[in-house]
1. Please go through segment 216-248 and pick out each residue that is small (Gly, Ala, Ser), closer than 24 Å to Lys33 by Cα and surrounded by fewer than 17 Cβ atoms within 10 Å (Cβ to Cβ).
2. Being within 16 Å of the chain's Cα centre (by Cα) and of a type outside the set (Asp, Glu) is the filter here, so list the residues in segment 16-33 that pass it.
3. Just one of Ala234, Ala163, Ala181, Ala177 is among the small types (Gly, Ala, Ser) and modelled with pLDDT of 95 or more; which is it?
4. Return yes or no: is Thr2 surrounded by 15 or more Cβ atoms within 10 Å (Cβ to Cβ), out of contact with any helix residue (DSSP H, G or I) (no Cβ under 6 Å at 6 or more places or on another chain), among the hydroxyl-bearing types (Ser, Thr, Tyr) and modelled with pLDDT of 95 or more?
5. So is Arg72 touching a Pro at 6+ places or on another chain (Cβ under 9 Å), charged (D, E, K, R) and touching a residue at least 60 places away in the same chain (Cβ under 8 Å) or not?
6. Please identify the pairs in which a residue from segment 219-248 that is under 13 Å from Gly8 (Cβ atoms) has its Cβ atom under 6 Å from the Cβ atom of a residue that is surrounded by fewer than 13 Cβ atoms within 10 Å (Cβ to Cβ), counting only partners at least 6 apart or on another chain.
7. Is at least one residue of segment 85-99 at pLDDT 75 or above and over 21 Å from Asp158 (Cβ atoms)?
Amino acid sequence: MTWIKICGITNLEDALVAVEAGADAVGFVFYEKSPRNITPEKAREIVNQLPDQIEKVGVVVANSESAIDVLRITHTAGLTAIQQHLTLSPLASAQSGAATDRELFPKRFQFFISLPAALVTANEQGMANLVNSVVNIHREVPGRTFAEAGVMKAFFLDSGNSAQPGGTGEPFDWNRAVPLAEGMRQGGLKLVVAGGLTPENVAEAMGILHPWGVDVSSRVEVSPGKKDHGKIRAFVKAVRDADKANSN
């Protein structure tokens, strides 16, 4: 089944609805410029009341948090994963993140990298270079998964930009990202689609890109940081309905 993350969680009620609806993960944004920004201490209050099997993902922005800050956020909030938004030089940032001492993080900790779609769909050669580079990183750690090697578990493709790394509420051109999605699959990488997904369009995105996971935030909200519980349930149902249709 497709992995589902409900991001931009700021309160326990919304988190519990996401869990009850069937989401696999909830996301907490640790970025001061975001209207969904939350403190690690507040996130911990929520995390403490969620089931163990739910992935608790901390979203940070490259160059805004140091490795020390990310480590502090991780332990203070009780996270099980970090998702880092890259805004510049994606491969250099990804490789520097891989160099972080894996042993400092909790066991079975997951690392995700989020790329702005405009950065990697601007030209076909750029996409090919990116896929080749990350696949080569994968080959450098034979016998271990990306997460076990301290690199990354999956790539998120979002419609963010330099001014707003995520949460724009606007979808990117999924068809332009097909070569990237295909290249990632062939290289054994996992792709998560984010940005502008809704209960109405998520099945179309899944049908075009066949992602490992989907991520939603602003389009299931009443206002920034406050979720619409009906839309969360409708989103999860739409993904599961698409899973069933694609399995037939």
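1. Ser223
2. Selection gives Ala18, Ala23, Ala25, Val26, Gly27, Phe28, Val29, Phe30, Tyr31.
3. On inspection, the qualifying residue turns out to be Ala234.
4. Answer is no for this residue.
5. no
6. Asp228/Val222
7. No.
The values are calculated or read from the model by the stated rules, or taken from the named source; none is laboratory data. Here the structure is a predicted model, which is why all the values come from computation and not from measurement. Glycine also receives a Cβ, built like all others from the backbone with ideal geometry; neighbour counts cover every protein chain displayed.
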